[in-house]
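Everything on this sheet refers to the single structure shown next.
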Amino acid sequence: MSKVGKTPIEIPEGIDVKVSNNQVQVSGENGLEFSQEYDPNYVTIREEGSEILVERNADRKEYREKHGLYRSLIANMVNGLVKPFEKSLVIEGLGYRVRAQGNKLVLELGYSHPIEYELPENVDAEVEGNDQIKIMGPNKQEVGQVAADIRRLRPPEPYKGKGIRYKGEEIIRKEGKLSGGEEAGIG
């Protein structure tokens with residue numbers, strides 16, 4: 001059995017789960033609602049008391065893959081309604097900064113103009129100082145996509161490390177060109 005797939009999903013207080021018509025719907029007290037379709041040929045999903053159980057219908061590779069996938073997707077929907085997911089970004093570089101303006105982030109990244117990034121509906125961002133961004137939201141995939149889109153505006157470069165990177169991400173630095181006689185092998 002899959003270690004991920006066989007673990008039951010606990011349903012916390014205030015979260016409502018409905019399993020019907022090859023779809024799992026999860027809604028919270030704050031009015032947010034998520035739904036996930038699943039293929040009944042691969043897995044069976046049922047609600048038992050205050051738990052959701054995901055069981056696969058056979059023991060072949062593709063069934064095991066779908067088993068863990070659907071269990072993780074449903075668990076992420078439930079966990080996102082309880083506690084929002086977070087991603088942190090760090091901006092490095094002389095003159096690079098960010099500020100929040102309503103539901104937009106205004107980023108100055110060394111281009112001739114500032115870049116305005118509009119946040120999706122259920123995603124919030126906090127700016128700490130002027131070089132750190134914390135992105136939060138109930139949908140794990142959406143939070144990750146927003147973080148990746150912002151990072152893509154100015155990815156970190158390998159020589160000085162300037163750009164936007166995830167907090168804790170290590171940038172492998174390259175050595176620049178050597179100049180001078182003996183160091184460059186001349187002489």
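Below, the figures for the structure above:
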read-out: Cα-projected label distance for ASP149 with ILE172, points at 7 Å along beta-carbon direction, nm; value: 3.0 nm
read-out: Whichever aspartates and glutamates have a C-alpha closer than 15 Å to that of LYS160, once near sequence neighbours (fewer than 8 apart) are set aside; value: GLU92, GLU169, GLU170, GLU175
read-out: Gained length - GLN141 relative to ASP16, 0.36 nm times residue gap less alpha-carbon distance; value: 42.9 nm
read-out: Net charge of neighbours whose Cβ lies under 15 Å from the Cβ of ALA125, counting Lys and Arg as +1 and Asp and Glu as -1; value: -3
read-out: Size of charge dipole - the chain - debye, nearest 20, with Cβ of Lys, Arg +1 and Asp, Glu -1, no other charges; value: 640 debye
read-out: Of LYS104/LYS140; LYS61/LYS83; LYS61/LYS140; LYS87/LYS177, pairs whose Cα-Cα distance is over 30 Å; value: LYS61/LYS83; LYS87/LYS177
read-out: Counted charge near LYS162, where neighbours are those whose Cβ lies closer than 12 Å (Asp, Glu -1; Lys, Arg +1); value: +1
read-out: Dipole axis of segment 85-166 (+1 Lys, Arg; -1 Asp, Glu on Cβ), positive-most option in VAL146, LEU109, GLY129; value: LEU109
read-out: The chain: projected area of the alpha-carbon convex hull, averaged over directions, in nm²; value: 16.5 nm²
read-out: Residue-averaged [θ]222 nm for the chain, counting only DSSP H segments that reach four residues, each worth -39500 (n - 2.57); value: -6500 deg cm²/dmol
read-out: Compactness index (Cα Rg / 2.2 N^0.38 Å), segment 9-82; value: 1.07
read-out: Given 16 as the ceiling on other Cβ atoms within 10 Å, longest exposed-site-free region of the chain for chymotrypsin sites (Phe, Trp or Tyr not before Pro) in DSSP loops; value: 1-110
read-out: Loop sites in segment 7-92: trypsin sites (Lys or Arg not before Pro), DSSP, at most 13 other Cβ within 10 Å; value: ARG60
read-out: Rounded D (µm²/s) - segment 85-166, Kirkwood Rh over Cα pairs, Stokes-Einstein at 10 °C, 1.306 mPa s; value: 126 µm²/s
read-out: Rounded FRET efficiency, nearest 0.05, which uses the C-beta distance separating GLU126 from ASN41 and R0 of 25 Å; value: 0.05
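Readers should treat all values here as calculations from the given coordinates under stated rules, not as data from a laboratory. Fair warning: this is a prediction, and the values are worked out from it, not measured in the lab. When we count neighbours, we look across all protein chains shown, and the Cβ atoms used for this are built from the backbone with ideal geometry, even at glycine.
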